[in-house]
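Written below as structure tokens is the structure these notes are about.
The values are calculated or read from the model by the stated rules, or taken from the named source; none is laboratory data. All of these numbers come straight from a predicted model, not from anything done at the bench. Every residue, glycine as well, gets a Cβ built from its backbone with ideal geometry; the counts of neighbours run over all protein chains shown.
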Amino acid sequence: MTEPMYLVIARGTDAAQKLKHWANSNRVKHTIQGNRLGLLDDHSLTKFQMTWPHSWDTVTVWDSWNKRHINNA
């Protein structure tokens, strides 16, 4: 299995369902485990940032390669 470049962590009661729905609708290279969406390339992250329809207040993006959070604002 490939290590994700970016890890999107969503919080909230239906966070896992929102991530699954987004991933299925946008057809990006990903892994998913509960409320954690692993994005496998830069294109997938850009698509996520451009198309995520829910609040950014409940989402954290971790850059696995640079070992830092990515600010969404």
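Reported count of residues in the stretch 34-43, each being exposed (fewer than 12 other Cβ atoms within 10 Å of the Cβ) and outside any helix (DSSP H, G or I), is 1. Picking from T13, T46, T58, which residue would you name as being in contact with a strand residue (DSSP E or B) (Cβ under 8 Å, 6 or more places away or on another chain) and of a type outside the set (F, W, Y)? Going through T13, T46, T58 in turn, the sole match is T58.
Being surrounded by 11 or more Cβ atoms within 10 Å (Cβ to Cβ), β-branched (V, I, T) and in contact (Cβ under 8 Å) with a residue 40 or more places away in the chain holds for only one residue in T51, T58, T46, T31, and it is T58. The number of residues in the stretch 5-22 being under 21 Å from S64 (Cα atoms) and either out of contact with any helix residue (DSSP H, G or I) (no Cβ under 9 Å at 6 or more places or on another chain) or part of a strand (DSSP E or B) (or both) comes to 8. Selection of the stretch 1-40 for residues being more than 14 Å from P53 (Cβ to Cβ) and among the acidic types (D, E) yields only E3. Scanning the stretch 44-73 for residues that are assigned to a helix (DSSP H, G or I), at pLDDT 95 or above and charged (D, E, K, R) gives a single hit, K47.
Matching residues to (1) touching a Ser or Thr at 6+ places or on another chain (Cβ under 8 Å); (2) of a type in the set (S, T, N, Q):
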| site | (1), (2) |
| --- | --- |
| V28 | yes, no |
| R36 | no, no |
| H43 | no, no |
| K47 | no, no |
| M50 | no, no |
| P53 | no, no |
| T58 | no, yes |
| D63 | no, no |
